[in-house]
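Notes to accompany the following structure.
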């Protein structure tokens, strides 16, 4: 599938959305929406902002880039080249989306992925257009998954006792930047912090015996999430038991992530696995992940969600048991779940679920 045919498919989905809602156009202002519609275009400058420096106004028969004179050259030359966008460009002191939108869409009914005066905000409905990945997106995602798996595994092998979590985080981030990946989430926890915190940002705490690295890596808009754990010296029996258990829980989530399956039922299968492994309450201490792709999580799965798994939809489940965690990114293909972020050379455990033998990352002993 070519990039042109991929973008044509995105336009087809937009047109269906416009027809269903009676809209004249859709405004895509979030970086994830920009990347999705353009086949990987990057509209961010600051990772701290969800909206990009350029917005796309998409009609059925035309599309317009709305930006300022500072951002225009890069966006048109490096992100949107050859895609046929018209332009609505303001000088940077006058850079405001509402007046620019009014100039190009006066009197029109506009749906948007952000809240603005005069538009209908429907970010979740627009987000659903991204769920089923196109063949070209699947290819890009597999390549990104391979690189994230390599990067996080490489970072684990660079760890040493006495390093601070900040140093470990720097190593993790550098391994991704070397591969053209922006690490938009970097979490590091060593020893007692690993047992205390589910979302541990790096600190000056020094590594002694065990350390967990967590990353969400983004390239061309797509995001891959992964977690790896390194231990210095023999793994204690209680950690061995917990990690085997959390790998089994993770495998249950993955095995049940099949097209047509209700998300709430996939979630419940994970909870049942927690109970079967002897840790029925641990799921309450951390969210369990959910659909991903152009967002780190499109939403956090719960038992009440009636959405169904779509063909070639991506998921990142992240079950945890105090002191350990298991996480990779998968694609729910029609042939079965495909784990895309394995780390070459990393130790693994095999878990049998529903007739599948799933390979999960183990703890690397250094």
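The values are calculated or read from the model by the stated rules, or taken from the named source; none is laboratory data. Values in this document were obtained by computation on a predicted structure and should not be read as measured data. Cβ atoms come from the backbone with ideal geometry, glycine included; neighbour counts cover every protein chain shown.
Here are the numbers for the structure shown:
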| quantity | calculated |
| --- | --- |
| Counted residues, the range 308-319 - those being touching a helix residue (DSSP H, G or I) at 6+ places or on another chain (Cβ under 9 Å), more than 30 Å from residue 192 (Cβ to Cβ) and either in a strand (DSSP E or B) or at pLDDT below 95 (or both) | 3 |
| Test: residue in the range 140-148 that is under 22 Å from residue 322 (Cβ atoms), touching a strand residue (DSSP E or B) at 6+ places or on another chain (Cβ under 7 Å), crowded, with 19+ Cβ neighbours inside 10 Å and in contact (Cβ under 8 Å) with a residue 60 or more places away in the chain | no |
| Residue within the range 168-185 that is surrounded by 15 or more Cβ atoms within 10 Å (Cβ to Cβ), within 15 Å of residue 323 (Cβ to Cβ) and out of contact with any strand residue (DSSP E or B) (no Cβ under 6 Å at 6 or more places or on another chain) present | no |
| Lone unmet requirement of (1) out of contact with any helix residue (DSSP H, G or I) (no Cβ under 6 Å at 6 or more places or on another chain); (2) touching a residue at least 60 places away in the same chain (Cβ under 8 Å); (3) within 20 Å of residue 362 (Cβ to Cβ) for residue 198 | (3) |
| Those helices (runs of 4 or more DSSP H) lying entirely in the range 169-276 with at least 2 residues under 30 Å from residue 80 (Cα atoms), assigned by TED's automatic domain parsing to the domain that holds residue 31 and within 16 Å of the chain's Cα centre (by Cα) | none |
| Residue among 110, 14 that alone is at pLDDT 95 or above and more than 18 Å from residue 130 (Cα to Cα) | 110 |
| Residue match in the range 64-74 (condition: surrounded by fewer than 18 Cβ atoms within 10 Å (Cβ to Cβ), under 24 Å from residue 140 (Cα atoms) and within 28 Å of the chain's Cα centre (by Cα)) | yes |
| Unique match (being surrounded by 20 or more Cβ atoms within 10 Å (Cβ to Cβ), assigned by TED's automatic domain parsing to the domain that holds residue 20 and more than 23 Å from residue 295 (Cα to Cα)) among 100, 96 | 100 |
